[in-house]
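The values are calculated or read from the model by the stated rules, or taken from the named source; none is laboratory data. Remember, predicted model here, so these are calculated numbers, not experimental data. Positions of Cβ are backbone-derived with ideal geometry, glycine not excepted, and every protein chain shown enters the neighbour counts. Calculation scope for accessible area: heavy atoms of the full protein, side chains included, ligands and nucleic acids excluded. Shrake-Rupley method; radii C 1.70, N 1.55, O 1.52, S 1.80 Å.
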Amino acid sequence: MNAVRSVWPPSPGGSGGNPALSDADLERIYGYPAGSPKPFVQVNFVASADGSVAVDELSAGLSHPADRRVFLLARDLADVILVGAGTAIAEGYRGARTNPVRTARRARLGRSPVPPIAVVTRTGALDPAAPLFTDTRVPPIVITTARAGTAALTRAGAEVLVAGEDDVDLARALTLLAERGLSRVDCEGGPVLFGSLAAAGLVDQLCLTVAPILTGGGAGRIAAGPPLVPPQPLDLASILVEDGYTLLRYRRGGD
């Protein structure tokens, strides 16, 4: 039976082999640093072995139960789920779901019962009738600009945060979230938002699942936008594997 196992660092008690990782092990590996004085941004992506971020324009074609397990754990550990508007629309985002086990984990960690979804949009062009607004237990957060039209989104129940005049200032956006007690940020993409966060030096951790799949050309990379000059170094923090899928975790270089 396949199970998530650690390649590096060694699993707890791994002197007798390479045991499967428990939920407690994964929580320890992916947990946010305690007592961080500023927002901590973790970015999650899955990509094919040849670098594609989607199959038929959706990430689901690359996913696997191991990746899904870590994806849901990342949501449980976070205060807020951050996503770009393009990804929220393409993937049909709705409010975060939970179950008794996951709710108990969040309660033990001092998190709210359900993390809100925070969507970054320069224009505010979101459909207030979409599941993001209509199929959720907690109001979504819309992070946008002073020039965006948001009246309909406010009427749909969203909390609107203005973080810039013509474009979203991501550092300001994170500050606004932290002021609301939402400092542990789980960013689920997409590539434009990830590229912008990286360019602003705001990515603290990257969790990248590499799927043993070749997709060929066509799909984009996990980051979109201008190149970083100079490139930002990362430290490899952990390598997990299951069924040919490799779950890599990187921390900001020097942290």
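Here is how the numbers come out for the structure above:
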| item | result |
| --- | --- |
| Test for Gly220: is it open to solvent by 30 Å² or more (accessible area, probe 1.4 Å), modelled with pLDDT under 90 and under 20 Å from Gly51 (Cβ atoms) | yes |
| Hey, Arg137 touching a Leu at 6+ places or on another chain (Cβ under 8 Å), open to solvent by 60 Å² or more (accessible area, probe 1.4 Å) and part of a loop (DSSP other than H, G, I, E, B) or not | no |
| Options Pro191, Pro140: the member that is within 22 Å of Gly95 (Cα to Cα) and in contact with a helix residue (DSSP H, G or I) (Cβ under 6 Å, 6 or more places away or on another chain) | Pro140 |
| Exclusive hit being aliphatic (A, V, I, L, M) and under 27 Å from Val55 (Cβ atoms), set Leu240, Leu170, Leu182 | Leu240 |
| Residue match in the range 186-198 (condition: over 18 Å from the mean Cα position of the chain (by Cα), at pLDDT below 95 and open to solvent by 30 Å² or more (accessible area, probe 1.4 Å)) | no |
| Helices (runs of 4 or more DSSP H) fully within the range 1-110 counting 1 or more residues that are of a type in the set (Phe, Trp, Tyr), surrounded by 12 or more Cβ atoms within 10 Å (Cβ to Cβ) and within 19 Å of the chain's Cα centre (by Cα) | 23-30, 65-77 |
| Pick from the range 156-174, criterion surrounded by 15 or more Cβ atoms within 10 Å (Cβ to Cβ) and part of a loop (DSSP other than H, G, I, E, B), ranking: farthest from the chain's Cα centre (by Cα) | Ala156 |
